[in-house]
Every structure is written in C-alpha cells, then in structure tokens.
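Remarks on the structure that follows.
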Amino acid sequence: MQVILANPRGFCAGVDRAIDIVERALALFEHPVYVRHEVVHNRYVVDDLRDKGAVFVEELDQVPDGATVIFSAHGVARSVVREAERRGLKVFDATCPLVTKVHMEVDRHARRGEEVILIGHAGHPEVDGTLGQYDRSQGGEIYLVETVEDAERIRVKNPDGLAYVTQTTLSMDDTQDIIGILKRRFPNIHGQRRDDICYATQNRQDAVKALAGGCDLFLVVGSPNSSNSNRLREIAGKLGVEAYLVDSVDQIRDGWLAGKTRIGVTAGASAPELLVRDVIEHLRQAGADSVTEHDGRQETITFSLPKALR
Ligand code: 0CH
Ligand code: SF4
C-alpha cells in the first residue's frame, strides 16, 4: 500500500492569520476573548482555542458590552460591524483579506448603482457576510445564485447594470459553468476577474485533480462544515475515486482500506497538518510501506497581523 500526499494542502495564509489573531488576543488581553462564529471551520482548531480561553458565540448578542471580540475568517455583514461599534466592543477582524477584497467589489458595484449576483452557498457565513455588504438604499439588489438551475432562473431588475462576485471557496469547475450561463443570459454582466475563488482553494483543487485519478482511495482531512474541504472530496469523487472527508483519524473505517494499493491524502485550508500526520501514522500501521509527497505548486503568500496584535 502506497500513500501519496497532495501539495499544496492544509492551512492557507488567511487561516494562519485568523488563528494567530485569536492566539495573540488571548495572550495580550483580559479573558474572556469572544470569537464570533468558528474562527475557521475546523473542530480541532476550535476545541484547541476554546481550551486556551476563547469563547465562541454565533451572534454579538451573546457578547457583553465593552468585551473583546474577533470576527471569523469568513467575514461579517456591515450590520455586524455597526452593532459592534454601537456596543463599544473591542474588535479584531480575522476576515481573510481575500474575502475583504470581495466585500469591496460588492461595495463598488453598489456605489455605481449596479446590481450584483453572488455565486455561493446559502447559509454559509461568508455568503451572509458578502450579501451584507450591499447597500440597497440606491434601489439596487444583490441576488444569490447557488446552482446552474438558479442561474437559468434568476431574474434581475437591471440586466444592463449587473455584476457578479463569488464565494472564495467554491468548486472552480461548477463556478465556471454558472458564470457561463449568466454571461449567456445577461451579455452585459461583468466581474472583476474570472471569479473570486482564492489562490488556496484553486491550488488545493488542482492538486487533487493531478493526484486523485491514479488512486483507489482518497482521504480529505477537514471538518464537515468546511466548504473548501467538501469541494476537495467532491472533486476526487467526480474523478471516480472512492473518497471520504474525515475530521480526524478515528473516522477512518478499516473497510475503506481493504484491498487498496494507492491512497491519496489531502487536507482542507482549515485543517492542521498534525491531523494529516495522525492519518499517515494510521495508514503505516495498516500496512502502508511508502509515503511520498506529490509535487505541486509552491505557496509563498502570507498576510500580516493587525498592528495592535503584532
Ligand atoms: O471553506 P470554508 O469557507 O467553509 O471555511 P474554512 O474551512 O474555515 O476555511 C477557511 C476559509 C475561510 C474563508 O475563506
Ligand atoms: Fe483566504 Fe482563501 Fe484561505 Fe479563505 S481559503 S481564508 S479566502 S486564503
């Protein structure tokens, strides 16, 4: 049995920064330090930060006036920022700069009086945050499109003043299909770039595409609520490979390994490498005689911490 590790995998620059923000705030400020929403969608990371003193809440009404609160990497709506200001909360914003960039695009379109179609998954916190950037006071609207069927059906008020933006962690292929339909239906629609899928999502998806086809089992380390991790499992599955998303090594079933000779392993952008190490150790004990790194794109991007936390 051979194990091949996809590259790049695991933490991206935005996740590194978000976790550092929580750890620095815990080191520098009086406890409790509140975190609005899971700072990143990973059970291990959240449990670890909770053990260190972070208090995770879903909404600001669970945070006392004047307390310190961190916004998660997925970003928040403007109404959340305003509420925090009104309540005198001390805020550290762990929103990934690449998500903030999408927020700024939405704002720019709204200011120009353009309507916006957001391509993304309903109910995901990044989608709530991005929808919540659009100022409707000019009479315009922001619409959510999740699927090709939605793209075929959506009706807008102003097809000639229309732009699109996307969630950062979507499937690149599905998103291109949706954009293709929108461009056919609304020939004057425009986007800043091809889409807003970030470099980390793109690189991890490309790595799975390069590796999974030659495997007979593919394991993705990541939590069930992690959008980017789910997309990695989905891509391997679409290539016809038996593929599973596992939060930790104890979720691997013996039956999955029976008769397998080439097992691919990757990790979502929010999954720590130490969980991948546990998986490798488990596979070695189950009979893997070689573990190799698959060549992939090098990542050098980093994001700096807010000044007050450096
Ligand atoms: O993939 P999603 O967006 O669910 O989030 P995650 O698993 O916490 O990964 C980090 C991405 C955060 C915002 O892009
Ligand atoms: Fe930022 Fe992309 Fe990482 Fe999300 S997945 S935190 S957008 S780098």
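The values are calculated or read from the model by the stated rules, or taken from the named source; none is laboratory data. Given the structure is predicted, the values throughout are model-derived calculations rather than measurements. Please note: Cβ atoms are built from the backbone with ideal geometry, for glycine as well, and neighbour counts cover all protein chains shown. Note: areas computed on protein heavy atoms with side chains; ligands, DNA, RNA excluded. Shrake-Rupley method; radii C 1.70, N 1.55, O 1.52, S 1.80 Å.
Some notes on this structure:
- Computed label-point distance, nm, for sites THR147 and VAL81 using a 7 Å Cα→Cβ extension: 3.4
- The residues of segment 1-148 expose on average 41 square angstrom of accessible surface per residue, using a 1.4 Å probe on protein heavy atoms.
- Once the Cβ-Cβ distance of LYS183 and ALA27 is raised to the sixth power relative to R0 = 35 Å, the FRET efficiency obtained is 0.10.
- Centre-to-centre separation between the Cα atoms of segment 28-60 and those of segment 189-254: 26 Å.
- For segment 98-197, alpha-carbon Rg over 2.2 N^0.38 Å: 0.95
- Across the accessible surface of segment 13-96, with the other protein chains kept in place and a 1.4 Å probe, carbon and sulfur atoms take up 45 percent.
- Partner lysines for LYS209 [C-alpha distance under 21 Å; skip if fewer than 8 residues away on the same chain]: LYS238, LYS260
- Highest-fluctuation residue, SER290, SER171, SER229 considered, GNM on the chain with Cα pairs under 10 Å: SER290
- Straight-line cross-link reach from LYS157 at under 16 Å between alpha-carbon atoms covers these aspartates and glutamates, not counting any fewer than eight positions away in the same chain: GLU114, GLU115, ASP135, GLU141.
- Gyration tensor verdict on the chain (Cα atoms; rounded if a/c is under 1.5, prolate if a/b is larger than b/c, oblate otherwise): oblate
- Choice from ALA207, ALA25, ALA258 with maximal GNM fluctuation in the chain (Cα, 10 Å cutoff): ALA258
- Rounded to the nearest 0.05, the FRET efficiency derived from the C-beta distance between GLU273 and SER304 at R0 = 25 Å is 0.70.
- Exposure ranking of LYS157, LYS260, LYS101 by accessible area [1.4 Å probe, largest first]: LYS157, LYS101, LYS260
- Here LYS307 is the anchor, and the lysines within straight C-alpha reach of less than 26 Å, apart from those fewer than 8 places off in the same chain, are LYS52, LYS90, LYS101.
- For the pair ASP289 and TYR199, the difference between a 0.36 nm per residue extended length and the Cα-Cα distance amounts to 29.1 nm.
- Entry for segment 14-86 at q = 0.14 Å⁻¹: log10 I(q)/I(0) = -0.39, Debye formula applied to identical alpha-carbon scatterers, no solvent contribution.
- Rounded to the nearest 500, the helix-only mean residue ellipticity at 222 nm of the chain stands at -11500 deg cm²/dmol, with each DSSP H run of n ≥ 4 adding -39,500 (n - 2.57).
- Average Cα contact separation per residue, the chain, under 8 Å, 6 or more apart, as relative contact order %: 26
- Sequence of TYR199, TYR134 when ordered by accessible area, the most exposed leading, probe 1.4 angstrom: TYR199, TYR134
- Dipole of segment 98-197 [Lys/Arg +1, Asp/Glu -1 at C-beta], most positive-end residue of THR175, ILE117, VAL99: ILE117
- Figure legend: label point modelled 7 angstrom from the Cα of TYR244 along Cα→Cβ; residues of segment 190-225 with amide N under 15 Å from it are 216-224.
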